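The values are calculated or read from the model by the stated rules, or taken from the named source; none is laboratory data. Please read these numbers as outputs of a predicted model, since none were measured by experiment. Because the Cβ atoms are built from the backbone with ideal geometry, glycine has one as well, and the counts that use them run over all protein chains shown.
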Amino acid sequence: MRCRKIEKLLSNNIDGELPEKKNKILETHLRKCSSCSSYAENIERIHKQAKNLERLEVSPIYWEEFTSRIKTEISYVQQEKRRGPPQFLRRKWVWAGAAWLFVIVVGLFLYLTQNKTPQEVYVFSFENSLAKIYQEIGSDPELEELFNSVILASLGELLGDSGWGECPDFHENLILWENLTEEEMRYLESEIKKDNKL
């Protein structure tokens, strides 16, 4: 038999409420288990000391005041319960559920507001970027030629057989000259002169 059950039997044995059969089981266990026999000795000693205590006589007035004090305490506790949060909010699982609900709502909000299309990543800003690159490259003719060949190759890949690489005839089609700025005209003139020197 387990020691916890024996401890309950010991309590009933002191009160004299233990049947004969259970009393024999108790005695058998106490002979085998030193822990329970020590516990039984302590209970017996406490019981004897409690019997020897002087019994105090209490006046009826004390009991009347005692009951009024108990009633006052009970009413105070009930008022405190009414002042506090509602009974269902006192439970821990309600707060845990509210926390989970909050996490789910925030997660859904973040998921639904997230942009699903991949963002284009630019290595550099296009504003004035080509001008800066041309300034850097313009000082080195080999680098400029390499850069132009890379651009032409990438345009060739993109445009394929559209005929973009053919040189326009500026003599026959004067409309091509109309929208060019003075700076662009000077640049074209310098390029034509370079081609003629070759």
Being of a type in the set (Val, Ile, Thr), at pLDDT below 85 and either surrounded by 10 or more Cβ atoms within 10 Å (Cβ to Cβ) or outside any loop (DSSP other than H, G, I, E, B) (or both) is true for just one of 103, 150. Which residue is that?
150
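Could you check, for segment 85-93, whether at least one of its residues is modelled with pLDDT of 70 or more and part of a helix (DSSP H, G or I)?
First, pick out the residues of segment 85-93 that are modelled with pLDDT of 70 or more: 91-93.
Then drop every residue that is not part of a helix (DSSP H, G or I), which leaves 92-93.
Within segment 85-93, one or more residues are modelled with pLDDT of 70 or more and part of a helix (DSSP H, G or I).
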Number of the condition not met by residue 5 [criteria: (1) surrounded by fewer than 11 Cβ atoms within 10 Å (Cβ to Cβ); (2) part of a helix (DSSP H, G or I)]
(1)
Leading residue by the ranking (nearest to residue 9 (Cα to Cα)) among those in segment 26-63 that are β-branched (Val, Ile, Thr) and more than 57 Å from the chain's Cα centre (by Cα)
28
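Restricting attention to segment 43-71, report how many residues are within 30 Å of residue 6 (Cα to Cα) and part of a loop (DSSP other than H, G, I, E, B). Before the answer, list the steps.
Pass one, segment 43-71, residues within 30 Å of residue 6 (Cα to Cα): 43-53.
This time we only want the ones that are part of a loop (DSSP other than H, G, I, E, B), so: 53.
Of the residues in that region, 1 qualify.
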Taking segment 119-143 only, how many residues are surrounded by 10 or more Cβ atoms within 10 Å (Cβ to Cβ) and modelled with pLDDT of 80 or more?
3
